[in-house]
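The values are calculated or read from the model by the stated rules, or taken from the named source; none is laboratory data. Quick caveat: nothing in here was measured; it's all calculated off a predicted structure. Cβ placement follows ideal geometry from the backbone for every residue including glycine, while neighbour counts extend to all protein chains displayed. SASA here: full protein model, heavy atoms, side chains in, ligands and nucleic acids out. Shrake-Rupley method; radii C 1.70, N 1.55, O 1.52, S 1.80 Å.
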Amino acid sequence: MCRAACLLVLVSLISSGINALDNGLALKPTMGWLHWERFMCNIDCDSDPNNCISERLYMQMADVMAKEGWKEAGYEYVCIDDCWPSHQRDAQGRLQADPKRFPGGIKKLADYVHSKGLKLGIYADVGKKTCAGYPGSLGYYEIDAKTFADWNVDLLKFDGCFMDWKLLGEGYVNMSIALNKTGKSILYSCEWPLYEWQYQQPNYTAIRETCNHWRNFGDVFDSWSSIKSILDWSASHQDIIVPSAGPGGWNDPDMLVIGNFGLSHDQQESQMALWAIMAAPLLMSNDLRDICPRSKALLQNKHIIAINQDPLGKQGYRTAKVDSFEVWEKPLSKNRLAVAVLNQQEIGGPRGYFIQAVPGWKICDPQCNVTQILPQYKEMGVQTPKSTLILSVNPSGTTLLTVTPVSSDITGLYKLYWQEDSSVRRKHTTL
């Protein structure tokens, strides 16, 4: 079985004094831009030069990220996905960029991105071929890791197509070792559990020892149904996946599609809010050269990003589901709490949702301060054990709050809050 094989590999690594993952990266969820959902495998640079997978695309995105506040907001990686290489390796067995679309090569592109104060990510595959049919890394892990390091690449997204699932774990661990051997810190983004779930429950202890973040579920599409399917899967598996997340390693629900075509603004707010609650990597896939101001403001919202990047490093999870409402909560540093209330009803108008602060939130005894982050920033004031908050939530929209204890006399209450059984620790009703 793959799980047993992976554990044997990890035991061997520990006994030999080599760590599978030892790069000191992703202490907070990764933020950046990734081409796949928006630009896919468009390699037709003759008829579509502005949108094809070429060095021009990444240079232009780096220019925009440096000039228009994205870097200051925390987005630092410009990431290449599939379809960048030549179909053949060079005479030394090394991957090489398509010479027509990347005439300067990946090293030149990395230098350009770095000159903007940003970092470059690249894509490869654990198997014989990438998902789009380009050369995979099977049998070339050390060569490819050294190549990426020589190019001064900062992140590797490692896919899992065209690989025997029983060998997935071994392949992902071996590439992790190969990356470490280069001596360069390269953030390692895996898709190991995504390809193993259809056969068995993955070993998240081994995955966290190997990767900086990992995909669990299928590709995101530019649609509300896709976002809902990711949220449903994440909630139904949260007891398995949430404990593995923390500084250095994160569950990755896939890209932010905010600023594209398929989501209403309320739905864009819901994706941003729930990705923040889940401590997800915030990897946008959109066209930053042509994005509406409202979507841009949402993606750069410092209050939402602060929830995602909170130094406590805890992933949130769904705590209630009633009458087409879902409540998601994420513990924050300084004994604070982030709360998202999602209205899954897709008919009618805004609906009211009651939250009784205590006993729902122990940190509100004796007092807490509640701030609404979405849909508009609003101070909701000090709440007491007698307070009842009434939230108005649009169809498929989300109200996002932060809750901060007012009294300093809260020793032990926060730990107690998260240890109590969910059936008795909250009181949520609907109007």
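Within the range 143-282, antiparallel bridges make up roughly 10 percent of the DSSP beta bridges whose residues both belong there.
For the range 218-336, the fraction of 1.4 Å probe accessible surface lying on carbon and sulfur atoms is 51 percent. Distances between placed amide hydrogens fall under 5 Å for Met255 paired with Val220, all partners being 5 or more residues away or on another chain.
The calculated FRET efficiency for Tyr377 paired with Glu68, based on their beta-carbon distance and R0 = 22 Å, is about 0.55. The chymotrypsin sites (Phe, Trp or Tyr not before Pro) of the range 303-389 meeting both criteria, a DSSP state outside H, G, I, E and B (loop) and at most 13 other C-beta atoms within 10 angstrom of the site's C-beta, are Tyr377.
Entry note, the range 236-330: relative contact order of 31 percent, from Cα contacts under 8 Å with a spacing of 6+ residues. Of all DSSP beta bridges in the chain, what percent run antiparallel (nearest 5)? If I count the DSSP bridges inside the chain, around 65 percent turn out antiparallel. In order along the range 96-106, phi translates into HN-Hα couplings of 9, 6, 4, x, 6, 8, 10, x, x, x, 6 Hz, rounded to whole numbers, per the Karplus curve 6.51 cos²θ - 1.76 cosθ + 1.60 with θ = phi - 60° and x for Gly and Pro. Between the amide H of Trp250 and those of His213, Trp214, distances stay under 5 Å, these residues lying 5 or more places away or on another chain, with hydrogens modeled in the peptide plane. Rolling a 1.4 Å probe over the protein heavy atoms gives the range 365-408 an accessible area of 44 Å² per residue. Within the P(r) computed for the range 272-373, what percentage of the Cα pairs occupies the region above 16 Å? So the pairs more than 16 Å apart make up 64 percent of the total in the range 272-373. Put a dot 7 Å past the Cα of Ile240, heading toward its Cβ, do the same for His114, and the two dots end up 4.0 nm apart.
Taking a straight Cα-Cα cut-off under 13 Å and skipping sequence neighbours fewer than 8 places away in the same chain, the aspartates and glutamates within cross-link reach of Lys321 are Asp232, Glu329. Between Met255, Met380, Met61, the GNM of the chain built on Cα springs shorter than 10 angstrom shows Met380 fluctuating the most.
Straight-line cross-link partners of Lys296 among the aspartates and glutamates, defined as a Cα under 16 Å from its Cα and at least 8 positions apart when in the same chain: Asp63, Glu68, Glu72, Glu76, Asp266, Glu269, Asp287. Using only the Cα atoms of the range 115-215, build the gyration tensor, take square roots of its eigenvalues as a ≥ b ≥ c, and label the shape rounded, prolate or oblate: rounded if a/c is under 1.5, else prolate if a/b is larger than b/c, else oblate. In terms of gyration-tensor shape, prolate. Cross-linked pairs Lys119/Lys146; Lys67/Lys228; Lys28/Lys378: Cα-Cα separations exceed 23 Å for Lys67/Lys228; Lys28/Lys378.
Tell me the relative contact order for the chain as a rounded percent, counting alpha carbon contacts under 8 Å between residues six or more apart. RCO, the chain: 14 percent. Phi angles across the range 270-276 convert, under the Karplus curve 6.51 cos²θ - 1.76 cosθ + 1.60 with θ = phi - 60°, into 3J(HN,Hα) values of 5, 4, 4, 5, 6, 5, 5 Hz, Gly and Pro given as x.
For the chain, adding -39500 (n - 2.57) for each run of n ≥ 4 DSSP H residues and dividing by the number of residues yields -9000 deg cm²/dmol at 222 nm. The loop-placed trypsin sites (Lys or Arg not before Pro) in the range 270-353, going by DSSP, that have at most 14 neighbouring Cβ atoms within 10 Å of their Cβ come out as Arg289, Lys334. Multiplying each eigenvalue of the alpha-carbon gyration tensor of the chain by 5 and taking the square root yields semi-axes of 39, 25, 19 Å, largest first, rounded to whole angstroms.
Close amide H pairs (under 5 Å, H built 1.01 Å from N) link Asn152 with no residue at least 5 positions away or on another chain. Computed from backbone phi, the HN-Hα couplings of the range 68-73 come to 10, x, 5, 4, 5, 6 Hz, rounded to whole numbers (Karplus: 6.51 cos²θ - 1.76 cosθ + 1.60, θ = phi - 60°; Gly and Pro given as x).
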